[in-house]
Amino acid sequence: RGPWRMLAAMIGRDGSVPSTRVGNMIVVLPKCFHTMGFGIMGPHWFGPVCCLGLLTIATIYFAPKAHHTIGPISAITCLLFYIIGVVSLCIVSCSDPGVVKSGGELELGRGSGKNGYAGVPTMNVSAGRGWRYCDLCSVYQPPDAVHCPECDVCVEGYDHHCPWMGTCIGKKNFTSFMVFNLTWLFYLMYAIVWVTFVGATFYRGPPMMVDSSDDV
């Protein structure tokens, strides 16, 4: 029963943390989300599923091709690109992008002011610089936070909402988002340039010589 209890505690099914939604985002692993910020997905869950499918199909095609035409090192390189891509994809799509929470739950909020922020102004100091109050979320936004209409939450360090990742790109998942983009971009170039053309041509054996003496 030990492993099952650990799993139930991790996903919040033991009653310690109730399953809930944050705006339009789905909290898949409530306890992990509240303790580590992992286990929440945006409304466009089909986006990361499509990305995972594309990465898997590409690896199923290019990894055996690289092994047969070039060698095992090239096939292992394809697998490494795939693993890094999948891990970074999971981190981006299943982690907290920087949701501004009420009740002082935000990491930066350690004061005694509104939502745990000490000395938070209740009015805009200047456009784009001061703290703002979001009527939709009933929270005070940090200066770089924006309310995302897709996820229906305020996200700190908001960059954009990415349907391919299924969630917002913000302060807490922007680095993983860049890692994923660089990974699939270099993987694409490696697969097309090296595996398909350069490597396959370089490691191709010399043409077979035809013995013309048999025709005599």
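The values are calculated or read from the model by the stated rules, or taken from the named source; none is laboratory data. Every value quoted in this text rests on a predicted model; they were computed, and no experiment measured them. Cβ sites come from the backbone with ideal geometry, for glycine too, and all protein chains shown count toward neighbours. Side chains included, ligands, DNA and RNA excluded: accessible areas come from the protein's heavy atoms. Shrake-Rupley method; radii C 1.70, N 1.55, O 1.52, S 1.80 Å.
Observations, loosely collected:
- One residue alone among Val17, Val27 is modelled with pLDDT under 95, touching a helix residue (DSSP H, G or I) at 6+ places or on another chain (Cβ under 6 Å) and open to solvent by less than 20 Å² (accessible area, probe 1.4 Å), and that residue is Val27.
- The residue of segment 136-155 that is farthest from Phe174 (Cα to Cα), among those that are assigned to a strand (DSSP E or B) and hydrophobic (A, V, I, L, M, F, W, C), is Val139.
For (1) within 12 Å of the chain's Cα centre (by Cα); (2) in a loop (DSSP other than H, G, I, E, B); (3) without any contact (Cβ under 8 Å) to a residue 12 or more places away in the chain, each residue gets a yes or a no:
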| residue | (1), (2), (3) |
| --- | --- |
| Lys31 | no, no, no |
| Thr35 | no, no, yes |
| Pro43 | no, yes, no |
| Cys50 | no, no, no |
| Leu54 | no, no, yes |
| Thr59 | no, no, no |
| Pro64 | no, no, yes |
| His67 | no, no, yes |
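- Meets criteria (modelled with pLDDT under 95, exposed (fewer than 14 other Cβ atoms within 10 Å of the Cβ) and among the aliphatic types (A, V, I, L, M)) for Met36: yes
- Options Phe186, Phe197; residue that is closer than 26 Å to Ser95 by Cα and either out of contact with any Phe, Trp or Tyr (no Cβ under 6 Å at 6 or more places or on another chain) or in a loop (DSSP other than H, G, I, E, B) (or both): Phe186
- Residue that is nearest to the chain's Cα centre (by Cα) [pool: residues in segment 136-154 that are closer than 20 Å to Ile40 by Cα and acidic (Asp, Glu)]: Glu150
- Close pairs (8 angstrom Cβ cut-off, 6 or more residues apart or separate chains): farther than 12 Å from Phe62 by Cα and in a helix (DSSP H, G or I) in segment 72-87, open to solvent by 40 Å² or more (accessible area, probe 1.4 Å) and at pLDDT 95 or above anywhere: Ile84/Val179; Gly85/Trp184; Val86/Leu52
- Filter pass, Val193 being open to solvent by 70 Å² or more (accessible area, probe 1.4 Å), out of contact with any helix residue (DSSP H, G or I) (no Cβ under 8 Å at 6 or more places or on another chain), at negative phi and at pLDDT below 90: no
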